[in-house]
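Since every read-out is calculated from the coordinates, none of them should be taken as a lab result. Everything quoted here is computed from the prediction, not taken from an experiment. Counting neighbours? That spans all protein chains shown, and the Cβs are built from the backbone with ideal geometry, glycine included.
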Amino acid sequence: MSVMTELREVVRVLGEFAQIVPVLAGKKPQKEDRASLGTVFEDSVARNPQNLMLLFEGRQWTYGEFNAEVNQLARLLHERGIKRGDCVAVLMENRAEFVLAVLALAKLGAPGSLINSSLSGKALLHCLNETNAKKCIVGAERTDVLFEILPDLAQGLNLQSGRDYLWVPELGERANDFTCPDWAENVVLAMATMAKDNLPVTREIVGNDTGMFVFTSGTTGLPKASVQPHFKYVVVARMMSRLGFQVQPTDRLYLCLPLYHSTGMMPGLVSFIANGASIYLRRSFSASSFWPEVQQHQTNCFVYVGELCRYLADQPVCAAEKDNPLTKMMGNGLRPDVWDQFKDRFGVRRICEIYGASEGNFSFLNVLNKDKTIGAALSPVTLVQYDVENDHIIRNSEGHCVEVPLGEPGLLLGKITPKSEFDGYTNPESTASKIVENVESEGDRWFNSGDLVRQIDVGFALGMKHFQFVDRTGDTFRWRAENVSTNEVAEVLNAHPQITMANVYGVEVPGVEGRAGMVAFQIDDGNDAGAVLDLNAFQTLAERELPGYAQPVFIRILRNVATTATYKLQKTDLREEAYHPNRVGGDTIYVRKPRSSAYELLDDSFYRQLMAGISGY
C-alpha cells in the first residue's frame, strides 16, 4: 500500500470512527436494552420500505414486501403455540424462506436453531435434541432426511406428526417437484390469511435474550450448539457493518455461504438488512457461475471464506471477471497468496478480513484495509506460550501463563469480562472446557480460541496491534524438534501448478518422536484425465521454500476432497488414515525415505519397516 493510499485510508477510517463514536460512547448496545435482530430489521424497513432487499432464483422483494411476509409467518407460529423463549429448528438450504423463518422467529423472541442442511441421521437427531426444539420448520428439499428420524423425535422431543412440523414448499422453477407430507403443515398456505402488520412482542425483546443457536462444524465430534444472544446481532448491525463492509443502502451483496453459519449470517445477511442494502442469495457456491452472476446482478460486495476464494483464484481467466463491479470483501481465512490475486487480478479494493468464532467472546477486524492480516482485536486478548508437542499451555513458577514475544506464534485467549462475556454452549461441560483460568492473575478467566496467532508489524496503524492467523493448535505438529505450521506449509505447496488445495497434517511414525508431515490433494489435471504428479517440481518447490523439517515426508493423491459446508478442509479422517494402504481407499501414497534424494511410491516392504519401528527416521 503506497503512503498516499495509506493516508487516505486512515482519513476514511477516522471519519467512520467519528460517526460511530456516539454509539461507542453513549449508545453502545447493552444486553439489558430493548433491542434485537427483530427491531433492527423493523427499523431498517421503516427507513427503506421501497429498497430492494432480496433477490433469489428469479424472485425479488422490497423491504416492505418482505416484512409483510415475515409478520405473517410470525403470526402463524404464534397461533401454533410458539412464544418468546421457545426454540424452533430451521432445516433448509439457502433460500429466501430461510431468511423469512429466521426473521419471523427473531420478531417473536423465539430462538432459531440453525441446522446444517447437509446433516442426516444421528448428527441431525443430535442437533435437534441439543436445543430442545419445540417445532421444526423444514424445507421441501430436506423432507426425506427428516422423515427418517421422526420416530426418534417423537420419543425424545415429543415432536408429533401433524402438529409440530411446518413444511416450506419449493417455489419458482422447482415448485412442482415436491408434495407436502401428511405429517407436516404447508407454511405458505397457512400464513396467507395472517395479518401483515408488525407484532408488539418484538419491541419487548432485550439484548440478553437468546436470538439463535449456531452449531460448530463438528470436526472433533458431534456439533455443539453455541448460544447467540440478540446483543451480538445488534452489535454487528450497528458497528461491524459500518467499520468492516461500510455498508450503504446502495450496496448489493453476493451471498453464497450457508446461512446457518455465522459468517454468512452476521457480516453477510445481518450487516446488509440492517442498512437497507440488497442481497443476491444463492443456494451454494459455484466457481464457474460466480463472475457471470456478479456482472448480471451488479453485486459490489462479497462475503467469503478463504478456501472458496482459492477456488475462484484457480479458475481460468474469463471475460466476466474483467471490469467487474466487485469492490469490497469481508470474511475469514484468506491466504496471503490468494489475497494478492483478489487485489491484483480481480481489482478488489477493500478486503476486510475478520476473525472470531461463533461461540467466542472476541473478534478481530481489519478496519484499516491492511494486507494479509486479521486486523485488530475489538476486546482484550493475549497470546501465550503453548507446548505444541504435549498439547498444553506453558505456565511460569507462579502458575500464570507466559506471553509470547512480538512476531512469535502464541495461543490466542480472550478475556472474559462483563463487556466481553463468553455465552458458551447449551452443554455446560463443553462450555467449561473452553475456559482458561489464572492467565495473568489469580481468578481471571479467558476463552480459549484453540488457535495459534502472531502479532505483526503493518506500519502506521493508529496504535492498533494487528495480528495474523498461524494455525489451529491441533493442526500444528512437531517434527525434528521443530514446530510445523500446516497452514504455512500449505501456502507454499499451493504454488505448485498441479495443486489446488493442499491439506497438510502430521502423522505418527512408530518408534519416532513427533509427527511426520503429510500432504493430501487432488491433482489439477488441466483436462488431462491421465495426469500424474510432477514429483520433481514438487520436491524442488518444497526444498526451495521450506526448511527440511517442514518438507512433507508423505504425499497422498486424493480421488475425492472432503470439505466442511463452509469449504474448510477436513483433516480428522486423513490423520487417522495416514499412509496405511488398507485405509486410504486406493489413493496413491508417495514417501521420501530417510536420506533419500527423491520421493517414491510407498511399497509393502518399506511400509512393513514403518510399522515395525525400523524406518530410520
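Residues with beta-carbon under 11 Å from that of Asn361, excluding Asn361: net charge, scoring Lys, Arg +1 and Asp, Glu -1? Numbers along the way, then the final one.
On the way: positive: Lys232, Lys415, Lys419, Lys434, Arg445; negative: Glu359, Glu421, Asp423.
Once positives and negatives cancel, what remains is +2.
When the Debye formula is applied to the Cα atoms of the chain, each taken as the same point scatterer, what base-10 log of I(q)/I(0) results at q = 0.08, 0.10, 0.11 Å⁻¹?
Each listed q corresponds, in turn, to -0.61, -0.96, -1.16.
Looking at the square roots a ≥ b ≥ c of the eigenvalues of the Cα gyration tensor of region 477-611, which shape do they give, rounded for a/c under 1.5, prolate if a/b is larger than b/c, or oblate?
Working: a/c = 1.24, a/b = 1.21, b/c = 1.03.
It comes out rounded by the Cα gyration axes.
With 10 angstrom as the radius, rank Arg472, Arg75 by how many other C-beta atoms surround their C-beta, starting from the fewest.
Details: Arg472 16, Arg75 20.
Least to most surrounded, the residues fall as Arg472, Arg75.
Starting from the 7 Å offset along Cα-to-Cβ, what nm value, one decimal, do you get for the label separation of Asn158 and Asp534?
6.7 nm
Considering the options Ala319, Ile273, Phe285, tell which one lies farthest towards the positive end of the dipole of region 259-362, charges being +1 on Lys and Arg and -1 on Asp and Glu at the Cβ, about the Cα centre.
Result: Ile273.
With everything on Cα atoms, drop me the angle between helix 287-297 and the longest principal axis of the chain, reported from 0 to 90° to the nearest 10.
It works out to around 40 degrees.
For Lys196 and Thr250 in one chain, what is 0.36 nm times their gap in residues minus the Cα-Cα distance, to one decimal in nm?
Numbers: separation 54, 0.36 × 54 = 19.44 nm, distance 2.63 nm.
Result: 16.8 nm gained on full extension.
Compute the convex hull volume of the Cα atoms of region 140-293, divide it by the residue count, and report the result per residue in Å³ as a whole number. Each step should come with its number before you reach the end.
Numbers: hull volume 30.4 nm³, N = 154.
Convex hull volume per residue, Cα atoms: 198 Å³.
Taking the Cβ of Arg445 as the centre, find all other residues whose Cβ is under 12 Å away and add up their charges (Lys, Arg: +1; Asp, Glu: -1).
On the way: positive: Lys415, Lys434; negative: Glu421, Glu437, Glu440, Glu442, Asp444.
With Lys, Arg at +1 and Asp, Glu at -1, the net is -3.
What does the extension gain come out to for Met464 and Lys343, with contour length at 0.36 nm per residue minus their alpha carbon separation? Before the final figure, lay out the partial values.
Numbers: separation 121, 0.36 × 121 = 43.56 nm, distance 2.34 nm.
Here the answer is 41.2 nm.
Pull up the cross-link candidates among the lysines for Lys434, meaning alpha carbon to alpha carbon under 16 Å and not fewer than 8 places away within one chain.
Answer for Lys434, where 16 Å is the Cα cut-off: Lys224, Lys415, listed by chain and number.
Using alpha carbons only, how many degrees (0 to 90, rounded to 10) separate the axis of helix 37-47 from the longest principal axis of the chain?
Relative to the chain, helix 37-47 is tipped by roughly 60 degrees.
How would you rank Asp152, Asp457, going from fewest to most other Cβ atoms within 10 Å of each one's own Cβ? It would help to have the intermediate numbers written out before the result.
Working: Asp152 16, Asp457 9.
Exposure proxy ranking, most exposed first: Asp457, Asp152.
Pull out the extension gain between Glu482 and Tyr549, defined as 0.36 nm times the separation in residues minus the alpha carbon to alpha carbon distance; nm, one decimal. Could the numbers behind the result be given before it?
Details: separation 67, 0.36 × 67 = 24.12 nm, distance 0.69 nm.
Extra length available between Glu482 and Tyr549 comes to 23.4 nm.
Take Arg47 and Asp525, extend 7 Å from each Cα along the Cα→Cβ direction, and tell me the distance between the two endpoints in nm.
Inter-label distance under the simple model: 5.3 nm.
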